[in-house]
Amino acid sequence: MAPDLKPVYLIAGSDRPKVARAVRRLRDRVGVDAAELLFAAETSGDAAVAACNSLGLFTDEARLVVVEDVQRWRADDAKAVAAYLQSPAPATVLALVGEGVKPDSALAKACAKAGDVLMYDAPPKRNLPSWVAAELRRRGASAETEACRALAELVGEDLEALGTEVDKLATWAQGEEIRVRDVEQLGVARAETTIFSLTDAWGRRDVGAVLRASESLLERSPREVTRVVGSLASHVGKVRACQALAAEGVRPREAAGRLKMHPYAAEKAFAQAGNFSVDELRDAIVRLARLDLAVKGGSRLAPELELTRALVEMTRPRDVAAAGG
C-alpha cells in the first residue's frame, strides 16, 4: 500500500458532489479494479471488517473497501470498526461514506484516531451562488455573479442536480463567460419555486419579462399562486425597507446587516428601490395584500388572472398606468 494512504477514511457530509469526488480520488489512487463497494443497509460493521481482512490475505498491493451510507450503522457496527482499526489489514484502505455522521460520534472518533475524517457540508442557501462560482472555476469556467445566483435559484438546494447543471454550462461555454441569459436558456429548473426571474423583472419594470416569468412559474407549479404572491410580497417589502434606509443615508452593506439580507441581495434591492417612488412601493404592498385575499377565495376570477392583473399594475410606470386607466 502507498505509504501516504491511511487505513481508514471517513468521508461524510451533505455536499454530495464533494463527497463523491473525494471517494473517486481515493479509488483512483488505489486503482478502480482494486476496489470493493458495499452498502451499510446490507453490510454490518463485522461484515465490512471481514471484507477488509479477507482482501489483505491475498495480496500485498493496496486494496480499497468502500462502505456507503454508514449513517445507517448502529453502535455495534461502530464498535466492530473501532476494534478493527486497532490492528488494520496492512494492504487495505477502508472508506466509510455517509451523510449525517456527527464529528463527535464514536465512529468518527475511531476513524480520526487511525486515519482521516473528511467532512463536506453543503453551504447554506444564501451561499449557493458562491458554491456555483467555485465549482465553475474548478472546471475552468467563469460566470457573472448574477448568473451564479440565477442558476442557484433555478435549480435549488440539490447539490447533485446543481453540479450537473454546472457541468453542462461549463462544457457549453468553452471558456466564454457564462451570463444570465445562458442560464435562462440552458438551465433546467428543478427548484420547487423559482422567483428570482419574476422579482428581477419587476424591479427593472419590464412588464413583458414579468408576465413571461409568471407564466413560467405557473407552468412548473400551477397550484402555487399563493406561494408566488407571498414571495413577491416579501421581496417588495424588503425593497421598500431598503428605499427607506437609503433615504436615511444608509449604504447597502450596512442595510444588509440590519435586514438580515445577503449583501448582494441588499445591493440589488437598493437598485430596484431607485426605480420606484415611495408612493409606488406603498401602493404595491397594498395591491399585494388585495391580491392575497383574491387568490384565497376573495374573487370570482381565476387566481392566475388576478396575479397577472396585479403584476401589470405593479410593474408598469405610473404615468403609463394613468394613461391606460
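The values are calculated or read from the model by the stated rules, or taken from the named source; none is laboratory data. Being a predicted model, the structure only gives us computed values, none of them experimental. Don't worry about glycine lacking a Cβ; one is built from the backbone with ideal geometry, like all the others, and counts go over all protein chains shown. Only protein heavy atoms, including side chains, enter the accessible area calculation; ligands, DNA and RNA are left aside. Shrake-Rupley method; radii C 1.70, N 1.55, O 1.52, S 1.80 Å.
A few comments on the model shown:
- Accessible heavy-atom area order of E176, E224, E99, highest first, probe of 1.4 Å: E176, E99, E224
- Degrees between helix 303-315 axis and first principal axis of the chain (Cα, 0 to 90, nearest 10): 70
- Count of Lys pairs (Cα-Cα under 27 Å; at least 8 positions apart or interchain) in the chain: 23
- Cβ-placed point charges (K, R +1; D, E -1), dipole of region 234-325 about Cα centre in debye, nearest 20: 240
- Stretch gain in nm, segment A106-L5, where the contour uses 0.36 nm per residue and the Cα spacing is subtracted: 34.2 nm
- For the chain, with all protein chains in place and a probe radius of 1.4 Å, 49% of the accessible heavy-atom surface sits on carbon or sulfur.
- Solvent-accessible surface of protein heavy atoms, probed at 1.4 angstrom with all chains present, puts M119, M261 in the order M119, M261, largest first.
- Here's the picture: a label point sits 7 Å out from the Cα of D121 along the beta-carbon direction, and within region 1-34 the residues with their amide nitrogen under 17 Å of it are 11-19.
- Folded to 0 to 90 degrees: helix 45-58 orientation relative to the chain principal axis, Cα: 50
- Think of the chain as a dipole: +1 on every Lys or Arg Cβ, -1 on every Asp or Glu Cβ, centred on the Cα centre; then among P252, L26, T145, P252 lies furthest on the positive end.
- Nearest-20 debye value, the chain charge dipole, Cβ charges on Lys, Arg, Asp, Glu: 940
- Principal axis box of the chain, alpha-carbon based, largest edge first, Å: 87, 44, 38
- Using the Cβ-Cβ distance between L37 and R137 with R0 set to 30 Å, the FRET efficiency works out to roughly 0.50.
- Helix 16-30 and the longest principal axis of the C-alpha atoms of the chain enclose an angle of approximately 30°.
- Simple spin-label estimate for E61 and H262 in nanometres, 7 Å along Cα-Cβ: 4.7
- Full-stretch length increase - E144, A161 - with 0.36 nm per residue and alpha-carbon distance subtracted: 4.1 nm
- Cα gyration tensor category, rounded, prolate or oblate, for region 152-311 with a/c compared to 1.5: oblate
- Among A112, P263, L293 the positive-end extreme of the charge dipole of the chain (Cβ point charges): L293
- Student exercise, region 10-161 dipole from Lys, Arg, Asp, Glu Cβ charges, in Debye to nearest 20: 420
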